[in-house]
Amino acid sequence: MATAELAHETDFDGWREAARRFRLSGVEPAGARFVVVGGEASGSLFDGEGPGPSDLPRESAFTVPKAFVDVAREVMLHRSADRFDLLYRILWRLRDEPDLMKVTSDADVADALERVRNVSRAAHKMKAFVRFRLVQAPAVAGVGGEPGDVYVAWFEPAHRVLEKTAPFFVRRFANMRWSILTPEGSAFWDGEALTTGPGARPEDAPRDDEMEAFWKTYYASTFNPARLKTKTMQGEMPRRYWKNLPEASLIPELIAASRDRTETMVDRAPSAPNLKLAGAVAPDARLGGLDDGRVTSDPTELSQAIQGCRRCPLWRDATQGVCGVGPVGAKLMIVGEQPGDQEDLAGLPFVGPAGQVLDAALQEAGIDRSDVYVTNAVKHFKHEPRGQRRLHKTPNAGEVTACRWWLDQERAIVRPRLTLALGATAAFAVLNQKVAVTKTRGEPLPLPDGSRAMVTVHPSYLLRLPDEAAKARERAAFVRDLIRARGLL
């Protein structure tokens with residue numbers, strides 16, 4: 001019996017070197033034996049037995065598919081005692097079956113792939129069920145460095161996945177000093193380097209901390225009895241992990257009380273919506289949009305129909321569609337780009353900072369805003385979240401084109417003599433072609449319905465100018481454009 005000693009249970013490099021040596025020597029799987037130094041099989045009575053080298057021609061060198069190496073690395077982490085033999089058996093068969101790893105119905109390959117899945121599942125559970133507890137550094141065995149807060153977790157993985165999973169915790173808790181202790185090894189992160197150490201005992205880790213009660217309260221408050229599926233929950237949270245999960249002590253009681261809590265929830269009268277959030281309710285799809293071929297003369301119906309608009313995906317992240325506001329028959333229609341953050345919440349166009357600039361400029365130009373129909377080229381707020389803020393994003397040509405149908409409806413209802421487009425997006429929506437604002441600014445442009453259009457800058461452009469002198473100069477030019485627009489009515 002050819003025997004190879006491995007340094008530890010997950011000694012992949014040691015196994016690979018020995019397996020290569022065995023195969024080059026013609027040692028058949030039945031004659032190969034792998035033992036871990038200090039392990040249960042080390043030095044057993046089977047040493048020295050087994051068939052000798054095969055009669056097959058010797059190899060001077062060989063290669064194996066990358067797929068086998070990848071599978072072998074994962075199988076090495078499995079707790080099964082025969083994993084070394086399985087891998088060597090596959091390695092031996094690859095000599096005559098180079099495409100063996102592609103035959104997933106083969107018993108050995110299927111067995112190895114199943115063990116890979118087991119290891120992957122164990123790593124996933126470790127990422128989900130490690131629970132850190134706060135301690136002070138001097139109180140923790142094996143934790144060096146400066147005194148201070150250290151988070152320590154005790155975990156018993158189903159397979160030997162500590163080193164495989166530790167980088168995940170480094171990425172997720174990069175700013176914390178933490179230790180994960182398991183029966184077979186430990187991982188330490190000091191904020192700069194990840195190191196490993198020997199196994200530990202459960203009593204080496206703290207059993208609770210001052211945050212434990214808060215965590216249990218949070219878990220209990222988010223436990224929804226109406227959505228309880230006990231088998232599914234236990235499938236995702238196997239009982240083998242419960243003993244190390246603080247919240248697990250609550251589960252039996254929460255399950256037992258779920259029926260009564262559900263009946264109480266059903267019987268309870270619905271609470272009134274928060275008035276501050278009432279305007280932020282998602283658009284009601286039941287309202288529906290207008291059919292493409294339908295034209296309405298009712299601005300109220302048009303405003304309601306916009307709430308059901310699904311012509312582009314922007315409705316998904318917006319609070320509501322924002323229709324134009326102003327009198328039917330207004331001689332002047334002003335078209336902006338899209339609702340901003342405040343307009344999205346209020347459901348009205350130009351009520352934010354840009355709206356204040358517009359109102360002041362209109363007043364200076366001698367235009368009463370109540371005589372003007374004010375709207376936007378795009379009816380939903382396009383943005384991206386940045387912390388607690390929603391940052392404006394310019395709608396693309398497809399979104400402007402999809403929304404032009406609504407603008408056409410508004411123009412058909414209002415029938416303005418002049419449509420003033422504020423900025424390039426509005427100009428594209430009104431003129432159905434892209435134009436340079438700087439080249440067309442202030443010029444009366446004919447529209448197919450016999451009315452005219454004019455292009456100027458958007459008020460938000462004035463807000464973004466950092467130089468006060470330039471801001472004053474551009475604002476004066478903007479007012480002049482409005483005066484020119486008034487002269488065209």
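If you go through segment 422-438 and keep only what is without any contact (Cβ under 8 Å) to a residue 24 or more places away in the chain, open to solvent by less than 60 Å² (accessible area, probe 1.4 Å) and under 37 Å from the mean Cα position of the chain (by Cα), you end up with just Ala424.
Is it true that Thr230 is among the β-branched types (Val, Ile, Thr) and either under 30 Å from Val36 (Cβ atoms) or open to solvent by 60 Å² or more (accessible area, probe 1.4 Å) (or both)? So Thr230 does not fit the description; no. Scanning segment 128-139 finds one or more residues that are open to solvent by 70 Å² or more (accessible area, probe 1.4 Å) and either at pLDDT 95 or above or aliphatic (A, V, I, L, M) (or both). Scan segment 71-98 for residues that are under 38 Å from the mean Cα position of the chain (by Cα) and open to solvent by 10 Å² or more (accessible area, probe 1.4 Å) and the total you get is 7.
Residue-wise test of (1) closer than 20 Å to Ala412 by Cα; (2) at pLDDT below 95; (3) crowded, with 20+ Cβ neighbours inside 10 Å.
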position: Gly336; (1), (2), (3): yes, no, yes
position: Asp344; (1), (2), (3): no, yes, yes
position: Pro349; (1), (2), (3): yes, no, yes
position: Pro353; (1), (2), (3): no, yes, no
position: Val372; (1), (2), (3): yes, no, yes
position: Ala377; (1), (2), (3): yes, no, yes
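Within the group Thr394, Thr419, which residue is among the hydroxyl-bearing types (Ser, Thr, Tyr) and open to solvent by less than 10 Å² (accessible area, probe 1.4 Å)?
Values: Thr394 fails: open to solvent by less than 10 Å² (accessible area, probe 1.4 Å).
When all the criteria are applied, what remains is Thr419.
For segment 1-32, enumerate the residues that are touching a Gly at 6+ places or on another chain (Cβ under 9 Å), free of Cβ contacts under 8 Å to residues at least 40 places away in the same chain and open to solvent by less than 30 Å² (accessible area, probe 1.4 Å). Those that are touching a Gly at 6+ places or on another chain (Cβ under 9 Å), free of Cβ contacts under 8 Å to residues at least 40 places away in the same chain and open to solvent by less than 30 Å² (accessible area, probe 1.4 Å): Ala4, Gly26, Val27, Gly31.
Looking only at segment 182-229, residues that are among the hydrophobic types (A, V, I, L, M, F, W, C) and within 30 Å of Val266 (Cα to Cα) come to 7 in all. Scanning segment 397-416 for residues that are within 12 Å of Leu332 (Cα to Cα), part of a helix (DSSP H, G or I) and open to solvent by 10 Å² or more (accessible area, probe 1.4 Å) yields one hit, Arg411.
The values are calculated or read from the model by the stated rules, or taken from the named source; none is laboratory data. Fair warning: this is a prediction, and the values are worked out from it, not measured in the lab. As a convention, Cβ positions derive from the backbone with ideal geometry for all residues, glycine included, and neighbour counts pool all protein chains shown. Heavy atoms of the whole protein, side chains included, go into the accessibility calculation; ligands, DNA and RNA do not. Shrake-Rupley method; radii C 1.70, N 1.55, O 1.52, S 1.80 Å.
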